[in-house]
1. Is it possible to state the helix-based mean residue ellipticity at 222 nm for the chain, with each DSSP H run of 4+ residues giving -39500 (n - 2.57), the sum divided by total residues, to the nearest 500 deg cm²/dmol? What is it?
2. Nearest 10 degrees is fine. How inclined is helix 100-110 to the longest principal axis of the chain, computing both from alpha carbons?
3. Would you mind computing, in nm to one decimal, how far apart the modelled labels at residue 116 and residue 56 are, each placed 7 Å from Cα along Cα→Cβ?
4. Taking the 0 to 90 degree range and rounding to the nearest ten, how far is the long axis of helix 174-191 tilted relative to the main principal axis of the chain, both from C-alpha atoms?
5. So how far, in whole Å, is the C-alpha centre of the range 164-209 from the one of the range 13-39?
6. Would you work out the relative contact order for the chain, in percent, from Cα pairs under 8 angstrom that are 6 or more residues apart?
7. Tell me, what is the percent relative contact order of the range 62-203, built from C-alpha pairs under 8 Å that lie six or more residues apart?
8. Length gain on complete extension for the stretch residue 97 to residue 170, per 0.36 nm per residue less the alpha carbon to alpha carbon distance?
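Any read-out appearing in this document is the output of simple, stated calculations on the displayed coordinates, not a laboratory observation. Keep in mind that this is a model prediction, so the values were computed, not measured. With ideal geometry, Cβ positions are generated from the backbone for all residues, glycine too; neighbour counts draw on all protein chains shown.
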């Protein structure tokens, strides 16, 4: 995870505080381009805060955050350009009160894609997520699993370089979990999208992740390949969490 020739995100001395309370500390981390990085840890460990900082929705109190070899720009237009190279899917998808097709096409229209390309790519993605017959349906009428598929389709259609996922399959049935996981691996393999996924499901982390981060009490305790961490974690907190023992 520390191969600087292939890194897409580099973090150094990152600290996030709310008032005087420190909620996140990542001393050093390099995320490898094209990896699927699972982010695990108990509730309150700082996982969602970490994703929001990566998506530039929150600003760290201290530290340096670099993408594609360059620090985050301060100019609003340049920052927006960087942000558009990423997509984030939340645990509870916030869909627009419009049709499924219009939800999926919204990002492409906002970025000025032609009507023809927008239509072709939107329909192709809807087919991939199994919703091609529901394009005219109002998004607000969808089930939870269908709504999450639309949220992922909105990301998929833009072919982002970085995809950030915050518990995207929480509370979904196994069929929808399997479908969403297949879409994540498709995006990663087909477009070389770098994926960071927060999950409480250790089986999912094993299935999807090439790399793994373990956060505990706001600190990045351990990072490395998923295989190595699951087989031989170096820290007792990591081992306790993976083995299902309660840690706080």
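1. Working: 9 runs with 92 residues, N = 248.
When only DSSP H runs of four or more count, the value is -11000 deg cm²/dmol.
2. 70
3. Each label point lies 7 Å from its Cα, and together they span 3.2 nm.
4. 90
5. Here the answer is 20 Å between Cα centres.
6. Details: 451 pairs, mean separation 66.4, N = 248.
For the chain, the relative contact order is 27 percent.
7. On the way: 172 pairs, mean separation 40.7, N = 142.
About 29 percent, as a whole number.
8. Details: separation 73, 0.36 × 73 = 26.28 nm, distance 2.26 nm.
Taking 0.36 nm per residue and subtracting the Cα distance, the gain is 24.0 nm.
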